[in-house]
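Since the structure comes first, as structure tokens, the remarks are kept for the end.
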Amino acid sequence: MFDPLYATDGESFRPVRQMMEGLVGFKPGTADVEPKLAESWTNSADGLTWNFKIRQGVTFHDGTKLDAAAVCYNLDRMYSQTGAGATQAQYWADNMGGFKGQKDDAGKDVPSLYKSCTADGDTAVVKISAYTSKFPALLGLPSFSIQSPTALKKYDANNVQASGEAFTYPAYAMEHPTGTGPMQFGKYDKTNGVIELDRYDGYWGDKATVSKILFKVIPDETARKQALQAGTIDGYDLPNPADWDSLKADYNLLIRPAFNILYLGIDMKNNPALKDLKVRQAIAYALNRKDFVASQLPEGATVALNNYPDTVDGWTKDVEPYDYNPDKAKQLLTEAGQTNLTLNFWWPTEVSRPYMPDPKSVFTAFSADLQAVGIKLNVTSKPWNGGYLDGVEANKPDLFFLGWTGDYNTPDNFLGGSLALNNPENRFDTGSQPWGKTLASEVAAADAEPDTAKRNAMYVELNKKLASEYLPDIPISSSPPALVLAKNVTGVVASPLTDEDYAHAVIGQK
Amino acid sequence: MVGLTKKKERIDQLAASSATAVVDPTDVESSGGSILADAWRRLRVSPVFWIGAVIISVFVLIAIFADVIAPHDPGELLLRSQTRLARNQLAPPQPGFPLGGDQLGRDLFSRLVIGSRQTLLVGVFATLIGFTGGLILGTLAGAFGGKVDTVVMRLVDVLLSIPSLLLAISIAALFANPSQTSVIIAVSVVQIPVFARLLRGQMLAQRESDHVLAARALGVKRAPIVFRHMLPNSLSPVIVQATLVVAISIIDAAALSFLGLGSQSVKVPEWGQMLGEAQQKIDSYPHLAFWPAGCIIVVALGFTLLGESLREALDPKNRR
Amino acid sequence: MLRYIVRRLIQLVVVMFVLSLLLFLWLRSLPGGPDSAICGERCTPDQRVAMRHALGMDQPIWVQYFKYMGRVFTGNFGYSSGVEPGTPAIEVFLHRLPATIELTIGALIFAIVLGIPLGYFAARRKGGIFDNLGIISSLVGIAIPVFFLAYLLKFVFAVKLGWLPDSGRQSTDLAQPATRVTGFFVLDGLITREWDASWDAFRHLILPSIALGTIPFAVIFRITRSSVIDVQNEDYVRTAEAKGLTTQVIRRRHILRNAMLPVVTVTGLQVGALLAGAVLTETVFAYPGLGQATAIAFQLRDFAVLQVLVLASAATYTLVNLVVDLSYALIDPRIRTR
């Protein structure tokens, strides 16, 4: 399935990023916005009207020309998703809100950030309904790549259907994804699990230096490493931190900037003791995050102070740090009258995320810490897809691990998008707290502030309050994910957004 | 299951051959005694038996006295400060820690010692449950025959028709919270049909045997016949099978752990689980995988050797 | 004979029907589901509800089952939600089937080619060093967890020595892409005279076949050994010896042929074990077959694919056993004349 509008996982986006481009892109190795298919842009003072000047001389892989009309066709197509297509277009729903004509249960229109797009010569004029700090960065998400209108129509791209417990996709998504990138779709060899991309010679920028990229599916982590060692593959993504040191000697280990966050969530819904800030603080003091980061996480990993990594705006070190202090934790528990506290602690199995390479070791370390200060634990482990995520969203555990890898460089992507603190009914149940509504409006207000300096100051304030007054979760760490390539493969720049360009890799002699 | 005729036949044959051996001479009591003595005579000189017996005894002793032998709490992160995973650094062997620390800084030696307990538990309980389940089904089918037999055996055939590991995986996955118990149940259910068929074959052979016919002619009730005559005489091939099943259970449990369906307890170590966790780090830290793997192989081998030597010793063909 | 085959095929259909119902209920009683796998950590609670609704998972289970059966009768076995999203489940099965058959045949050949001669020689020199070595290695073979053996083999022969490929079914850097005819890579190369491709596919099969074939090897070795020992002591062999027949003739005509019966039976039984072992072996060798698909489908709760895979492998297993029964008849003259 190669239509990025319907994709949500990194595995799908990896080939898409070589084949397609958005209006804006990100500077290699950073999460900062740079021009891509839009050469430049201006916006009205209220931040509601955006004029994107479309780059000239760009052609899609099917030979058709990119123009402002094609851009608007794409945005309108995304906005007009219905039925199964709307269910699948999750990045749109997460970032833009509703679809055209979409009603909620009460029959009201679901608000959408996107209003309209009109082509005016070589300019695409995009109107949005409210100012947000995320715009236009969110247009750089791979899901919002600009695809060939001709191919989209010809291969019936919107025809996504639900059949049984699965979605079916049209020929466009399966066999004819058509973008503007340096590589074009070759074929998908299902028998071998290999996706083949070929160089697109009509690319507007620097032509790809490689003639072919093959993406091979190897589900087992050790098998990936052994395939690299045996020379079967030229590189693989997300090597286990435990292997970094041994890989470094013989391979190019590219370490991405840590653009993620792992946190211990506190769900205040079921256990009244957790409604007491002192108890939540005691939990924070009990965790030996420093030792955990040093012993289990790769170099470059840091103990998290805020709810997002330090490269994101509004980050501040002036927050309550909660340095490891088991005595203080015990004292706080005594003050709160909770010396005999039992908590339901959940952790996930069958999963490895960039922010949490090995959930079991995370759990082992912190469960030992909590028990050391006298908190009793009722442990539940569930498969990630087999009940863990469902349970966490249904407010079942008291304590749980979760995290997030940033989509782009804005605080709201973490605080609003991932933690959902702008919605009182979240997995921490902040809505049940006297301060829940305040927090939600503070998060929303910061996101809606058009003035950059003011906005950042608001986030600094918010981060301080999150640590000292609200504490719905305890940020644990930001951990850099890596990418490993054979020694003779150079020229790939590691990106915090996993937005790597393999088309311009340089293959030297072995 | 229709294609299972041969699997069934083989189990039935095994049952029948040893059954006839037990009841061949009409005087059951004395012949039973002589068979055991006979078997023991052959076992005593069998190196295979002794190797197996020694391995198992050592293993069981370690498991029983694990608390005394293990120098540390297997769950405590004692060597965490010496553990730097990303720098390829684990706590090395040192006084008090003969094998060093594991990936989290826990004492590897203590984990192996305490882990023997779980492995023994899996082996023994899986076998016991499999045996008991098989005993109930097999006795029902064998003792009553007719419709009961048909119904029970159809059920058994359904279970036999699914490849055993797939069945175990399916059962293990049903548990929302995977644990040692779910592993034991998954591994044991797979063995129930095997035991059931074996016992039923035995019982059928016994039903037609002279001493049961004689007892029935004398007016002895059904229950005493089943429990005093038929069951005891059916057990010898079952015991052989049970010994082998201990080994199979231990290996199957390890496979479940490898697939992430094993015990997720972070407090109680288990060899299969340790091997499964070390798997992903096998070439950075091979010893983390080799120790538990070696333990599993040696213990499974021990039970297999014992089972094989018992089978040889009890095999009527060897008495010619 | 024909009637016998037809009767067993009808039985097969009935069993499949019952199994499909059980399977359907079992999958839906598992914790989690495809909705959760598709959502990942991204979905908000509202989106989760919408997703379940879109996938029809909020309906009563019996409604879901009847809808499923309705689709099955129109030849629609559902679509993959995780293994190969959007691909018909039956297609996932079909294009992975040759891979697993090839691997299974490889494992069986390894087991038979090694197991039968070694078993035979061990029996001829019963109690000798060779016999004891054989017994011990077969016991160790049974005691090693398959996945551990697979990693070891790969580590030594692919990573350290570099003699054999470590993963997959074919190299990606073949001079020219191999033509596909049957989906059996070794055979395809022979048909199209692309010897390179055939040789390449063969090399990819060696390590997984050994890993997967070790347990069948051990079983076949032991059953051959013990049945040759039995047959050697049979009266007809002794008679033949007394008649003065040459050793060659006795071996071929009497010992081997009669000893083969139980060997064939056990070999058939091993096929089921191979299907299960393939889950582990294919995972370790990133071998794109049914076993790997099973493991992934399980993790991603890909219901449609699991349904097709389990039903198909139960059917395959049953059919293989039918073939074994028939070949039994070919070997044993007594059954043939019946």
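Note on the protein assembly as shown: with charges restricted to the Cβ of Lys and Arg (+1) and Asp and Glu (-1), its dipole about the Cα centre is near 4620 debye. Taking 0.36 nm per residue of sequence separation and removing the Cα-Cα distance, the residue A:445/residue A:270 pair yields an extension gain of 60.1 nm. Please label the shape of the protein assembly as shown as rounded, prolate or oblate, based on the square roots a ≥ b ≥ c of the eigenvalues of the alpha-carbon gyration tensor (a/c under 1.5 means rounded; beyond that, a/b larger than b/c means prolate, else oblate). Prolate is the answer for the protein assembly as shown, as a/c is 1.5 or above and a/b outweighs b/c. Taking 0.36 nm per residue of sequence separation and removing the Cα-Cα distance, the residue C:160/residue C:180 pair yields an extension gain of 4.0 nm.
Calculate the FRET efficiency for residue A:103 and residue C:65 from the Cβ-Cβ distance with a Förster distance of 35 Å, rounded to the nearest 0.05. Intermediate values should be presented prior to the final figure.
Details: r = 31 Å, r/R0 = 0.88.
The pair residue A:103/residue C:65 has a calculated efficiency of 0.70.
With a 1.4 Å probe and all protein chains kept in place, how do C:73, B:175, A:60, C:66 rank by accessible area, largest first?
Numbers: C:73 160, B:175 75, A:60 0, C:66 135 Å².
If we order C:73, B:175, A:60, C:66 from most to least accessible, we get C:73, C:66, B:175, A:60.
Can you give the helix-only mean residue ellipticity at 222 nm for the protein assembly as shown, where every DSSP H stretch with n ≥ 4 adds -39500 (n - 2.57) and the sum goes over all residues, rounded to the nearest 500 deg cm²/dmol? Write out the running numbers ahead of the final one.
On the way: 41 runs with 604 residues, N = 1168.
About -17000 deg cm²/dmol.
Computed 3J(HN,Hα) for segment A:26-34, one whole-Hz value per residue from the Karplus formula 6.51 cos²θ - 1.76 cosθ + 1.60 where θ = phi - 60°, is 10, 4, x, x, 9, 10, 8, 6, 9, glycine and proline marked x.
Rounding to the nearest 10 and keeping the result within 0 to 90°, find how far the Cα-based axis of helix A:241-250 lies from the longest principal axis of chain A. In chain A, helix A:241-250 runs at an angle near 50 degrees to the longest axis. Centroid-to-centroid, using Cα positions, segment A:434-510 and segment C:1-62 are 39 Å apart.
Taking the charge dipole of the protein assembly as shown about its Cα centre, with +1 at Lys and Arg Cβ atoms and -1 at Asp and Glu Cβ atoms, the residue from B:143, C:108, A:176 reaching farthest to the positive side is B:143.
A 1.4 Å probe, protein heavy atoms only, puts the accessible area of residue A:384 near 10 Å².
Would you mind getting me the FRET efficiency between residue C:25 and residue A:159? Use the beta-carbon distance for r and R0 = 25 Å, nearest 0.05. Could you put the intermediate results ahead of the total?
On the way: r = 32 Å, r/R0 = 1.28.
Efficiency computed from Cβ-Cβ geometry: 0.20.
In this simple spin-label model, placing a label point 7 Å from the Cα along the Cα-to-Cβ direction at both residue A:323 and residue C:203 gives a separation of 5.9 nm.
Compute the label zone of residue A:76 within segment A:48-64: residues whose backbone N is under 18 Å from the point 7 Å along Cα-to-Cβ. Of the residues in segment A:48-64, A:50-52, A:54 have backbone N under 18 Å from the label point off residue A:76. When each full DSSP H helix of chain C is screened for a Cα extent of at least 30 Å along its own axis and an average Kyte-Doolittle hydropathy of at least 1.6, the helices passing are C:2-29, C:303-331. Cα centroids of segment A:20-53 and segment A:109-124: 15 Å apart. Each residue was assigned an accessible area with a 1.4 Å probe, and for residue C:195 the value is about 140 Å². Of the whole protein surface, residue A:275 contributes about 80 Å² of accessible area at a 1.4 Å probe radius. Taking Cα atoms only, the orientation of helix A:68-79 departs from the longest principal axis of chain A by about 40 degrees. Between residue A:198 and residue C:49, the C-beta separation translates, for a Förster distance of 35 Å, into a calculated FRET efficiency of about 0.25. Listed by chain and number, the lysines placed with their C-alpha closer than 20 angstrom to that of residue B:267 are A:360, A:376, A:382; residues fewer than eight positions away on the same chain are left out. Ordered by solvent-accessible area of protein heavy atoms (1.4 Å probe), largest first, the residues C:220, C:101, C:109, C:38 come out as C:109, C:101, C:38, C:220. Rounded to the nearest 20, the Cβ-based charge dipole of segment A:260-478 about its Cα centre (Lys and Arg +1, Asp and Glu -1) stands at 560 debye. Does anything in segment A:462-488 have its amide N under 16 Å from the 7 Å Cα→Cβ label point of residue A:250, and if so which residues? Counting only backbone N, you get A:484-488. Maximal additional length on extending the residue A:509-residue A:9 stretch stands at 176.7 nm, based on 0.36 nm per residue less the C-alpha distance.
Rounded, prolate or oblate: which one fits segment A:4-164, using the alpha carbon gyration tensor with axes a ≥ b ≥ c (rounded when a/c is under 1.5, else prolate when a/b beats b/c, else oblate)? In terms of gyration-tensor shape, rounded. Using the alpha-carbon positions of segment A:260-478, Rg (one decimal) and Dmax (whole number) come out as 16.3, 48 Å. Each of A:478, A:410, A:282 was scored by the projection of its Cα onto the charge dipole of segment A:260-478, and the greatest displacement toward the positive side belongs to A:282; charges sit on the C-beta of Lys, Arg, Asp and Glu.
How big is the dipole moment of segment A:4-164 about its Cα centre under a simple scheme where the beta carbon of each Lys and Arg is +1, that of each Asp and Glu is -1, and everything else is neutral? Debye, nearest 20, please. Mind dumping the intermediate values first?
Details: 16 positive and 17 negative charges, 29 e Å.
Here the size comes out at about 140 debye.
Which residue, chosen from A:99, A:10, A:233, occupies the Cα position most advanced towards the positive end of the dipole of chain A, where the dipole is computed from +1 (Lys, Arg) and -1 (Asp, Glu) charges on Cβ about the Cα centre? After comparing all options, I get A:233. Each residue, residue A:69 and residue C:136, gets one label point 7 Å from its Cα in the Cβ direction; the gap between the two is 8.3 nm. Less than 5 angstrom separates the built amide H of residue A:163 from those of A:168, all sequence-distant by 5 or more or on a different chain.
What ranking do A:431-443, C:11-23 get when scored by the average of other Cβ atoms within 10 Å per residue, highest first? The partial results should precede the final answer.
Numbers: A:431-443: 16.5, C:11-23: 14.2.
Packing order, densest peptide first, comes out as A:431-443, C:11-23.
The values are calculated or read from the model by the stated rules, or taken from the named source; none is laboratory data. Everything quoted here is computed from the prediction, not taken from an experiment. For neighbour counting, all protein chains shown are included, and Cβ atoms are generated from backbone atoms with ideal geometry for every residue, glycine included. Note: areas computed on protein heavy atoms with side chains; ligands, DNA, RNA excluded. Shrake-Rupley method; radii C 1.70, N 1.55, O 1.52, S 1.80 Å.
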